Amino acid sequence: MKPIQIQKMQDLLENYSNKDVYVHLETTNGAYASHFDDKAYNVGAYIRNAKVKFSQAKIVGNGKTYRVGLKMEIGWIYAEGLTDWTIHGDNQLLLAGHDREGRLMVSLQISETPFRY
């Protein structure tokens with residue numbers, strides 16, 4: 001994976017605009033929290049192969065972490081805390097946010113074809 005460069009990512013995101021695409025969005029602190037603090041809560045969200053069409057994509061950030069928003073006809077999808085990206089497989093854009101130890105905290109993937117299970 002490569003560190004996010006805001007203009008490069010904006011250009012890549014716009015390639016998926018106004019098309020039917022599949023989105024994978026995942027957030028987690030996984031089991032990390034409870035391994036180190038038995039009072040901590042494990043939290044997460046997961047959605048895979050949600051078919052959407054967005055008219056606008058926007059990335060903003062502070063040079064360390066970034067937020068990507070996808071504007072749909074009646075709402076938004078966004079992921080915050082993103083740090084890295086890559087193109088995977090058949091033109092599938094993968095954005096991820098990792099903590100200081102390199103553990104995955106958030107993932108946003110966009111593809112014109114469904115993701116494998």
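The values are calculated or read from the model by the stated rules, or taken from the named source; none is laboratory data. Bear in mind that the values here come from a model prediction, so they are computed numbers and not experimental data. Virtual Cβ from ideal backbone geometry, glycine too; neighbours counted across all protein chains shown. Heavy atoms of the whole protein, side chains included, go into the accessibility calculation; ligands, DNA and RNA do not. Shrake-Rupley method; radii C 1.70, N 1.55, O 1.52, S 1.80 Å.
Assorted remarks:
- Backbone HN-Hα couplings from phi across segment 73-86 [Karplus 6.51/-1.76/1.60, Hz, Gly and Pro as x]: 4, 10, x, 10, 10, 9, 10, 10, x, 6, 10, 9, 8, 6
- Count Lys and Arg as plus one, Asp and Glu as minus one, and take only other residues whose Cβ is under 15 Å from that of I77; the net charge is then +3.
- Kirkwood Rh and Cα Rg combined as Rg over Rh, evaluated for the chain: 0.98
- The slack in the chain from E80 to D20, taken as 0.36 nm per residue of separation less the alpha-carbon distance, amounts to 19.3 nm.
- Under Karplus coefficients 6.51, -1.76 and 1.60, residue-wise ³J(HN,Hα) of segment 57-64 in Hz, glycine/proline x: 10, 9, 10, 9, x, 10, x, 10
- Per residue, the accessible area of the chain comes to 63 Å², computed with a 1.4 Å probe over protein heavy atoms only.
- Taking the square roots of five times each eigenvalue of the Cα gyration tensor of segment 66-117, the equivalent ellipsoid has semi-axes of 20, 17, 8 Å, listed largest first.
- Solvent-accessible area, 1.4 Å probe, carbon plus sulfur percent, for the chain: 50
- The residues packed around L12, meaning those with a beta-carbon under 15 Å from its beta-carbon, carry a net charge of -1 if Lys and Arg are +1 and Asp and Glu are -1.
- Cut-off 14 Å between beta-carbons: net charge of the residues surrounding K64, Lys and Arg +1, Asp and Glu -1: -1
- Only lysines eight or more places from K2 in sequence, or on another chain, were considered; those with a Cα closer than 23 Å are K58, K64.
- Ranked by solvent-accessible area (1.4 Å probe, protein heavy atoms only, all chains present), the residues R48, R100 order from largest to smallest as R100, R48.
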